[in-house]
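Student: Dropping the structure in here first, questions after.
What follows draws every value from the coordinates through simple rules; no lab data is involved. Fair warning: this is a prediction, and the values are worked out from it, not measured in the lab. Heads up, the Cβs are rebuilt from the backbone with ideal geometry, glycines too, and the neighbour counts pull from every protein chain shown.
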Amino acid sequence: MFNFFKKDKPAKPAEVATEPVASEEAQAVEQATPIDTTASHHEQSSATEASKSQLSWTERLRKGLSRSREQLSKQLKGIFSGGKIDEDVYEELETILLTSDVGVNATVSLLDDIRSRVKRDALSDTSQLKNALEDALLDLLHPLQQPLDTSTHHPFVIMMVGVNGAGKTTTIGKLANLFQAQGKSVLIAAGDTFRAAAREQLQAWGERNQVHVVASEGGDPGAVIFDAVQSAKSKGIDIVLADTAGRLPTQLNLMEEIKKVQRVIDKALPSAPHEVLLVLDANTGQNAVAQVQAFHQALNVTGLVLTKLDGTAKGGVIAAIAKQQPIPIRYIGVGEQLEDLRPFQAQEFVEALIHD
Ligand SMILES: Nc1nc2c(ncn2[C@@H]2O[C@H](COP(=O)(O)OP(=O)(O)OP(=O)(O)O)[C@@H](O)[C@H]2O)c(=O)[nH]1
Ligand SMILES: [Mg+2]
């Protein structure tokens, strides 16, 4: 298990909201008293994590999506078992998609697509509808498959954002692991300065995995990340992963604060952050779409990470995102272990979602 990121009870949004919004960027930069933690040992490295879990990615993905698949395919079996394609069948399909968190807009669009496939290919039996649904889903999701290319800038700065508990800090650990496996050097900025525990978790994890963590006791998140970017520039680091505190889009002062953090990063390195990654908990279902819209409006989100697809039957929300706010899904998370995060691939996702 990924225990380094287990934490004490997260700060409630309301508590966080009472913090005053920090003042000017310049002042913020001065406030930082960074503590650099470079790993000195690496017992219990990620190799141990890997040896615990021998499942291939495809197996992990299938296992992770099992509840969503059950939700969908069990019901679909009923209507794809043969018979005439009539209005009742479409109606049933509509209900199944809606109850699988696909959302109204995406459901309407998928049904339109399926109807035109039925017409075009002269399909007559419901057993032929499964392929039509699979192809329609694939067409909807494929545009979201745009892997993150970190080679465009050096250092490449990634800012993680999202609501409380979505999986930002955990995803940073997984991403650091993924990038290191690709031979890239990584530096983490502990930009969640609200909770001491958040910083300590990252520092402990950084030590174990030989990842440099820039942190500050208290202080301003923008200042910590500013310092981390400067440090990455001088050390020739490839990728900076900047953590931030969780916040709700309705907490306007905190949304202003994160916009300021973004501006401070741009001061450290013009054009940075190069990627604003919004982390979404798949369990939130349709609310994830609202989160994408709100964070995108504030920060111009460039990529999404959909976490906790394991343990939820709401994996269909990916279709709602594709229809309503089609921002690339860079990665998906299907568990708490380091290996449980991979780039999003539409084909394997659709197969794991609807193939028995
Ligand atoms: N099952 C499962 N759990 C996950 C996944 N990703 C994260 N978690 C768990 O979700 C919980 C919250 O994760 P964090 O990474 O701390 O979330 P956060 O967004 O950093 O939270 P705040 O900093 O409080 O806003 C932790 O217990 C993680 O282990 C996932 O893909 N699957
Ligand atoms: Mg966190």
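Student: Place a point 7 Å from the Cα of Arg120 along the Cα-to-Cβ direction; which residues of segment 79-113 have their backbone N under 12 Å from it?
Tutor: Inside the label zone: 113.
Student: Related question: With each label point set 7 Å from Cα along the Cα-Cβ vector, what nm distance links Val104 and Glu87?
Tutor: 2.1
Student: Would you please put 100-112, 157-169 in order of how densely packed they are, using the mean number of other Cβ atoms within 10 angstrom per residue and starting with the highest? Mind showing how you got there, number by number?
Tutor: Values: 100-112: 20.0, 157-169: 24.1.
Highest-to-lowest ranking by the protection proxy: 157-169, 100-112.
Student: Now for a separate question. Highest first, please rank the peptides 81-94, 249-262 by the mean number of other Cβ atoms sitting within 10 Å of their residues.
Tutor: Working: 81-94: 13.4, 249-262: 18.0.
Averaged packing, sorted descending, gives the order 249-262, 81-94.
Student: Scaled to the compact-protein estimate 2.2 N^0.38 Å, what is the alpha-carbon radius of gyration of segment 234-356, rounded to two decimal places? Walk me through the numbers on the way to the answer.
Tutor: On the way: Rg = 15.6 Å, N = 123, 2.2 N^0.38 = 13.7 Å.
Against the compact-globule rule of thumb, the ratio is 1.14.
Student: As an exercise, use a Förster radius of 25 Å and the Cβ-Cβ distance of His142 and Thr58 to find the FRET efficiency, rounded to the nearest 0.05.
Tutor: 0.85
Student: Once label points are set 7 Å from the Cα along Cα→Cβ at both Ser234 and Asp149, what is their separation, rounded to one decimal in nm?
Tutor: Between Ser234 and Asp149, the simple spin-label model gives 3.2 nm.
Student: What ranking, highest mean first, results for peptides 303-316, 209-222 when packing means the other Cβ atoms within 10 Å averaged over each residue? Show your work: numbers first, answer last.
Tutor: Details: 303-316: 23.7, 209-222: 22.2.
Highest to lowest by the protection proxy: 303-316, 209-222.
Student: Would you work out the charge dipole size for segment 255-337 about its Cα centre, treating the Cβ of every Lys and Arg as +1 and the Cβ of every Asp and Glu as -1, and quote it to the nearest 20 debye?
Tutor: On the way: 8 positive and 7 negative charges, 40 e Å.
Value, rounded to 20: 200 debye.
Student: Could you tell me which of the pairs Lys130/Lys168; Lys168/Lys267; Lys184/Lys314; Lys184/Lys323; Lys74/Lys308 are separated by over 30 angstrom between their Cα atoms in the structure shown? Before the final figure, lay out the partial values.
Tutor: Numbers: Lys130/Lys168 35 Å; Lys168/Lys267 23 Å; Lys184/Lys314 34 Å; Lys184/Lys323 34 Å; Lys74/Lys308 21 Å.
From the list (Lys130/Lys168; Lys168/Lys267; Lys184/Lys314; Lys184/Lys323; Lys74/Lys308), the Cα-Cα distance tops 30 Å for Lys130/Lys168; Lys184/Lys314; Lys184/Lys323.
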